[in-house]
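Step one of this worksheet: look at the structure below.
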Ligand code: ARG
Ligand code: ASP
């Protein structure tokens, strides 16, 4: 290559990779490897020390942050183990404690003393105390040409060894996780607390104000928060629930600030992002946009149309199906936004350009032919994956999630496979029967018909069980309404009362159960195994693809995809332009809540007491220029799992609570575009305002701001 050509390629590569790995600040950093990130934070105004961010030896921010019940984030905000998280993260607990007399979902809940706090069996929170790079130990003895199976068992054995040898306290656990598709491994020393009690929640009219209509959207006006408390056993250690447990005395809690943030201010979001896939090749993104998302969206379109129709027709049905509707609508809306965002950000073209660079770089290096053909092999592997992946999605969406009769049939079949006694256990019985709670026959029948049609139309030929081929959904549904135990609680109870042998022969005559069994059999026997083995191939090639990229570009900073481990990300408070001619400011106020208010509406209603407080402008110390700020936007890179993450200001004080992203930017899981990707937070002053003025929970205000706390 001549000199000019060399310079040209060098520039192409540097510019290209700068582009690939978007702006440095919009990344999810591993806290133990955040030296560079910290220096960027300081450039943006951070005034806390590097050791505040993460310090394995002394209390640091990570010691105040928990993974909340497996899927969300929460943070400790008082010396007595008080935890702040989202309303939607605590929702099932709030709902579980609600009855017609004490409807905490509708009216909110505020414990006025420790005694009034409500235990939640099964709920847990996990602290990460230490993070250690264990790549060398985990990959010890692993070679490039090892067969995949052998490699895997070697890695598994090494992980066991790492776990065993890791120094930890008796009450701590060690988890080892793979990063960069298995190019790196980190160990996490963790503490899990299992006595978590509900302390406070606003009425859902505040906690999920705007519900599905506003979900994933800006401008937003939601008070999406709830409060819990960690209880500890003897010596402040983790313990199972006991009335004798005491409020946990944390090593560290976050200091709450009433000062808020301004446009352009630094914010740090610290939590447990679940899953991103930022290194996918262009052709994989194309598959997601053109095949996977449209299929899932179409199935959910149908399910939501049916649920929505019945919910609008009748208030009882609305109540029964709101939670279900919200769950289905959440990712339905996200996938739609994702597709729009991918196209607007030119994600596919961008990746194609980088792949061209990659190929050019590879040509000039001494790599094997198979390494040089890595992108072609990956393309093949993804093509192999697609049919099984689509089948798996059809099964999950149309056969399971949105098809209550089949879902119940699976529960029954699985219970029967596991039964060892004369009869099903009480627990198995209870689980099957509880699936009739919040159900309605008309809705379930219509879902069955629509979803079974979807199954027949969308399941790749090779994966459709024979029994479905000639079935006429309407006729089958009518028959099932008359005869099947899957459609009727009384019939199911009778069935479950039978001795096992009688039960087995009774279900032979229930063609509803036979359908479910055939579907489950197909899934376990073919769809899922095919999917898993194709996915393993993809992962192996992705591992190699990433390794090559890192070798070719040793100076570029590669950041690992989110994988449910603790990450710190930062950005600034900033609005965005969703479309030509439209600009969004980064703040909303209580005046906007009142503007959206629709009396009696299931999404935009408000409690009378809230309206009264507003009319009196009784905003206390939470006011700013005669109003209260409600939500604000930032450029931090977040994803599902970051819900409930603290947003810290430049001094490391808590100013916001992360809960969502904007619709135009939900493709950030695949391709982050700093122009339109934004995270959404609740302003801490709004949270305190609600606790204080609406909840009148002075005890909590005192606890959060107590002199000991500041
Ligand atoms: N979109 C947010 C997230 O993915 C909030 C979801 C809860 N709200 C709802 N209406 N479903 O978790
Ligand atoms: N709402 C999401 C969550 O609950 C956060 C996000 O996807 O931005 O984790």
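The values are calculated or read from the model by the stated rules, or taken from the named source; none is laboratory data. This one's a predicted model, so the numbers in the text were calculated from it and none came from an experiment. Cβ sites come from the backbone with ideal geometry, for glycine too, and all protein chains shown count toward neighbours.
Criterion first (modelled with pLDDT of 95 or more, surrounded by fewer than 24 Cβ atoms within 10 Å (Cβ to Cβ), more than 15 Å from residue 77 (Cβ to Cβ) and within 23 Å of the chain's Cα centre (by Cα)) does residue 640 satisfy it? Criteria met by residue 640.
Can you find a residue in the stretch 631-643 that is more than 16 Å from ligand 2 (Cβ to nearest atom) and either part of a helix (DSSP H, G or I) or within 17 Å of residue 27 (Cα to Cα) (or both)? No; the residues of the stretch 631-643 include none that is more than 16 Å from ligand 2 (Cβ to nearest atom) and either part of a helix (DSSP H, G or I) or within 17 Å of residue 27 (Cα to Cα) (or both).
Among the residues of the stretch 305-318, are any within 16 Å of ligand 1 (Cβ to nearest atom) and within 24 Å of residue 275 (Cβ to Cβ)? No: zero hits.
Being at pLDDT below 95 and either farther than 19 Å from residue 40 by Cβ or more than 14 Å from the chain's Cα centre (by Cα) (or both): is that true of residue 664 here? So residue 664 fits the description; yes.
On inspection, residue 626 fails the criterion of being more than 10 Å from ligand 2 (Cβ to nearest atom) and under 24 Å from residue 38 (Cα atoms).
With respect to the conditions (1) more than 26 Å from residue 212 (Cβ to Cβ); (2) in contact (Cβ under 8 Å) with a residue 40 or more places away in the chain; (3) not in a helix (DSSP H, G or I), residue 123 lacks only one, and its number is (1).
Within the stretch 675-693, is there a residue that is within 16 Å of ligand 2 (Cβ to nearest atom), surrounded by fewer than 24 Cβ atoms within 10 Å (Cβ to Cβ) and assigned to a loop (DSSP other than H, G, I, E, B)? Scanning the stretch 675-693 turns up at least one residue that is within 16 Å of ligand 2 (Cβ to nearest atom), surrounded by fewer than 24 Cβ atoms within 10 Å (Cβ to Cβ) and assigned to a loop (DSSP other than H, G, I, E, B). Of the residues making up the stretch 634-654, those that are touching a helix residue (DSSP H, G or I) at 6+ places or on another chain (Cβ under 9 Å), farther than 30 Å from residue 349 by Cβ and within 14 Å of ligand 1 (Cβ to nearest atom) are 643, 644. The listed residues are 351, 372, 291, 309, and the only one of them that is without any contact (Cβ under 8 Å) to a residue 24 or more places away in the chain, closer than 25 Å to residue 535 by Cβ and out of contact with any strand residue (DSSP E or B) (no Cβ under 7 Å at 6 or more places or on another chain) turns out to be 372. Might you let me know whether the stretch 225-248 holds any residue that is assigned to a loop (DSSP other than H, G, I, E, B), more than 16 Å from ligand 1 (Cβ to nearest atom) and either within 21 Å of the chain's Cα centre (by Cα) or within 30 Å of residue 205 (Cβ to Cβ) (or both)? Checking the stretch 225-248: not a single residue is assigned to a loop (DSSP other than H, G, I, E, B), more than 16 Å from ligand 1 (Cβ to nearest atom) and either within 21 Å of the chain's Cα centre (by Cα) or within 30 Å of residue 205 (Cβ to Cβ) (or both). Counting residues in the stretch 8-17 that are modelled with pLDDT of 95 or more and part of a helix (DSSP H, G or I) gives zero. State whether the residues of the stretch 655-669 include one that is more than 16 Å from ligand 1 (Cβ to nearest atom), in contact (Cβ under 8 Å) with a residue 40 or more places away in the chain and not in a loop (DSSP other than H, G, I, E, B). Within the stretch 655-669, one or more residues are more than 16 Å from ligand 1 (Cβ to nearest atom), in contact (Cβ under 8 Å) with a residue 40 or more places away in the chain and not in a loop (DSSP other than H, G, I, E, B). Filter the stretch 180-207 for residues that are surrounded by fewer than 24 Cβ atoms within 10 Å (Cβ to Cβ) and assigned to a loop (DSSP other than H, G, I, E, B); which is nearest to ligand 1 (Cβ to nearest atom)? My answer is 194. Inclusion of residue 348 among residues that are more than 16 Å from ligand 1 (Cβ to nearest atom), more than 16 Å from residue 675 (Cα to Cα) and crowded, with 18+ Cβ neighbours inside 10 Å is warranted. Residues in the stretch 72-97 that are surrounded by fewer than 22 Cβ atoms within 10 Å (Cβ to Cβ) and in a strand (DSSP E or B): there are none.
Going residue by residue through the stretch 606-618, is there one that turns out to be within 16 Å of ligand 1 (Cβ to nearest atom), under 28 Å from the mean Cα position of the chain (by Cα) and modelled with pLDDT of 95 or more? No; the residues of the stretch 606-618 include none that is within 16 Å of ligand 1 (Cβ to nearest atom), under 28 Å from the mean Cα position of the chain (by Cα) and modelled with pLDDT of 95 or more. Taking the stretch 53-71 as the range and being away from ligand 2 (no atom under 15 Å from the Cβ) and assigned to a loop (DSSP other than H, G, I, E, B) as the test, the residues that pass are 54, 55, 56, 57, 58, 59, 60. Filtered by the rule that a residue be within 21 Å of residue 130 (Cβ to Cβ) and within 16 Å of ligand 1 (Cβ to nearest atom), the stretch 52-84 gives 67, 68, 70, 73, 74.
Yes/no per residue for (1) within 30 Å of residue 364 (Cα to Cα); (2) surrounded by 22 or more Cβ atoms within 10 Å (Cβ to Cβ); (3) touching a strand residue (DSSP E or B) at 6+ places or on another chain (Cβ under 7 Å):
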residue: 572; (1), (2), (3): no, no, yes
residue: 580; (1), (2), (3): no, no, no
residue: 586; (1), (2), (3): no, yes, yes
residue: 595; (1), (2), (3): no, no, no
residue: 606; (1), (2), (3): no, no, no
residue: 619; (1), (2), (3): no, no, no
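Let's see how each residue does on (1) crowded, with 19+ Cβ neighbours inside 10 Å; (2) farther than 30 Å from residue 288 by Cβ; (3) out of contact with any helix residue (DSSP H, G or I) (no Cβ under 7 Å at 6 or more places or on another chain):
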position: 234; (1), (2), (3): no, yes, yes
position: 254; (1), (2), (3): yes, yes, no
position: 259; (1), (2), (3): no, yes, yes
position: 273; (1), (2), (3): yes, no, yes
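Per-residue answers, yes or no, for (1) within 22 Å of residue 332 (Cβ to Cβ); (2) out of contact with any strand residue (DSSP E or B) (no Cβ under 7 Å at 6 or more places or on another chain); (3) surrounded by fewer than 24 Cβ atoms within 10 Å (Cβ to Cβ):
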residue: 636; (1), (2), (3): no, no, no
residue: 645; (1), (2), (3): no, no, no
residue: 651; (1), (2), (3): no, yes, yes
residue: 660; (1), (2), (3): yes, no, no
residue: 670; (1), (2), (3): yes, yes, yes
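Within the stretch 275-303, if we keep just the residues that are surrounded by fewer than 17 Cβ atoms within 10 Å (Cβ to Cβ) and within 16 Å of ligand 2 (Cβ to nearest atom), the residue that is nearest to residue 641 (Cα to Cα) turns out to be 275.
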